[in-house]
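> What follows is a single structure, and I will ask about it in a moment.
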Amino acid sequence: MERNYSLYPLKFQPIYKYRIWGGEKLKTQLNKKYDAQNIGESWEISDVKNDETKVINGTLRGYTLIELIEKFKVNFLGKTVYKKFGNQFPLLIKFIDAKTPLSIQVHPSDKIAKERHNSFGKNEMWYVMQADENAELIVGFDKKIPTEDYNNHLANNTILEIMHHEKVSEGDTFYIPTGRVHAIGAGVLLAEIQQTSNITYRIYDYDRVDVKTGEKRELHNDLAIDVIDFQIKDSYKTKYTKECERREEQNRTKRSKDEYWDNFDLEAFIYDEEGLQPKNYDSFIQILRGDFLQEQQEENSGDFHEQYRFQEYKCFSKNKSYEDTEENSLYQL
């Protein structure tokens, strides 16, 4: 007879990805454990085919996301997400360390990605966790440019001259919708939340050679040209609500500051103000930094009960109070 498993806080084994531009900050800043060189990405939660992250703790050890969804359905994804996506996990969550710049690139929309690759498109959002002095992101264009002028810059390897460069620091956030040309600059460590897709159209790659292959990486300008959104924005940076700070302020009347930090629990984000009923919308919450203690015991049923006590944390989440703008459309699941 199949064992009746129940859900508990799940830990997943990250998948580490070699990148030509990868550095060491995933080790030095985030304490990741690996031996390979030039690791540029740590895929924390992934349902990308052949790159599925697996549970590494408790009775569900070894389960992939798709296996968890098939087993627990709405109890794992929530009603809204499960109704829309079924047995698919819609988000890919990564940490990215750019020792040198990423290629100038763009991603296709859901419609084009479905037609060309039978895939989701790739809207994404960046949260800067650490940035070296003068580190920058490249997002969109500085001014409106005709397609002919754009192609001339491509041919002359001068595309960087027409891109919008923005110096960044910890806490800066950028929404990157499909069609917006972009690149992560050297010296930036960030968290990326994106759709479950691995479709990237590379536009410019600094004429560099990959030491692993001895060759330059492929460009995809024939595919990219009809995907690019040439519209400009007054600001490319995304404003956001710091849900953690709002919760902290609410709890100051209930706990002392020291006690609050020492005894923070994740249920504050999951349940309503009275702490009785689950909130009536689906949320994915990513804890970006935190020192915590973990207590674990196996109950008589064989299930694991885990408690986390955070001493310091920063998080980014979908919240009902966000305005319905393009910056938040990734989270309208």
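The values are calculated or read from the model by the stated rules, or taken from the named source; none is laboratory data. Predicted model, so just to flag it, every value in this text is computed and none were measured. Methodologically, a virtual Cβ is constructed for each residue, glycine included, from the backbone with ideal geometry; neighbour enumeration extends over all protein chains shown.
> Which numbered condition trips up Asp149, out of (1) closer than 30 Å to Glu170 by Cα; (2) at pLDDT 95 or above; (3) exposed (fewer than 15 other Cβ atoms within 10 Å of the Cβ)?
Going through the list (1) closer than 30 Å to Glu170 by Cα; (2) at pLDDT 95 or above; (3) exposed (fewer than 15 other Cβ atoms within 10 Å of the Cβ), Asp149 breaks only (1).
> Checking Lys212 against (1) at pLDDT 95 or above; (2) assigned to a loop (DSSP other than H, G, I, E, B); (3) of a type outside the set (A, V, I, L, M); (4) closer than 26 Å to Lys25 by Cα: exactly one of these is not met. Which one?
Tallying (1) at pLDDT 95 or above; (2) assigned to a loop (DSSP other than H, G, I, E, B); (3) of a type outside the set (A, V, I, L, M); (4) closer than 26 Å to Lys25 by Cα, Lys212 fails exactly one: (1).
> Only one of (1) of a type outside the set (Phe, Trp, Tyr); (2) assigned to a loop (DSSP other than H, G, I, E, B); (3) surrounded by 14 or more Cβ atoms within 10 Å (Cβ to Cβ) is not met by Ile203, so which one is it?
Of (1) of a type outside the set (Phe, Trp, Tyr); (2) assigned to a loop (DSSP other than H, G, I, E, B); (3) surrounded by 14 or more Cβ atoms within 10 Å (Cβ to Cβ), only one is false for Ile203: (2).
> Filter the stretch 110-146 for residues that are among the small types (Gly, Ala, Ser), under 22 Å from Lys233 (Cα atoms) and either modelled with pLDDT of 95 or more or not assigned by TED's automatic domain parsing to the domain that holds Glu192 (or both) and give the result. It would help to see each step written out before you state the result.
As a first pass, look at the stretch 110-146 and keep what is among the small types (Gly, Ala, Ser): 113, 119, 121, 131, 135, 140.
This time we only want the ones that are under 22 Å from Lys233 (Cα atoms), so: 121, 135, 140.
Within the stretch 110-146, Ala135, Gly140 qualify.
Per-residue answers, yes or no, for (1) part of a loop (DSSP other than H, G, I, E, B); (2) under 25 Å from Glu136 (Cβ atoms); (3) not assigned by TED's automatic domain parsing to the domain that holds Glu215:
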| site | (1), (2), (3) |
| --- | --- |
| Tyr8 | yes, no, yes |
| Arg19 | no, yes, no |
| Lys27 | no, yes, no |
| Ser42 | no, yes, no |
| Gly62 | yes, no, no |
| Lys71 | no, no, no |
| Val81 | no, no, no |
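> Does any residue in the stretch 211-230 that is within 30 Å of Asp110 (Cβ to Cβ) come within less than 6 Å, Cβ to Cβ, of a residue that is at pLDDT 95 or above and among the hydroxyl-bearing types (Ser, Thr, Tyr) six or more places away or on a different chain, and which pairs are these?
The qualifying pairs are His220/Tyr201; Leu223/Tyr201; Ala224/Tyr201.
> Follow-up question, since we're still on this one. Among residues belonging to the stretch 87-108 that are part of a loop (DSSP other than H, G, I, E, B) and touching a Lys or Arg at 6+ places or on another chain (Cβ under 9 Å), point out the one that is surrounded by the most Cβ atoms within 10 Å (Cβ to Cβ).
In the first step, residues of the stretch 87-108 are kept if they are part of a loop (DSSP other than H, G, I, E, B); the result is 87-90, 99-103, 107-108.
Still in the list and also touching a Lys or Arg at 6+ places or on another chain (Cβ under 9 Å): 87, 90, 99-100, 102-103, 107-108.
Details: Asn87: 14, Pro90: 17, Lys99: 18, Thr100: 17, Leu102: 23, Ser103: 19, His107: 27, Pro108: 25.
Per the criteria, the residue is His107.
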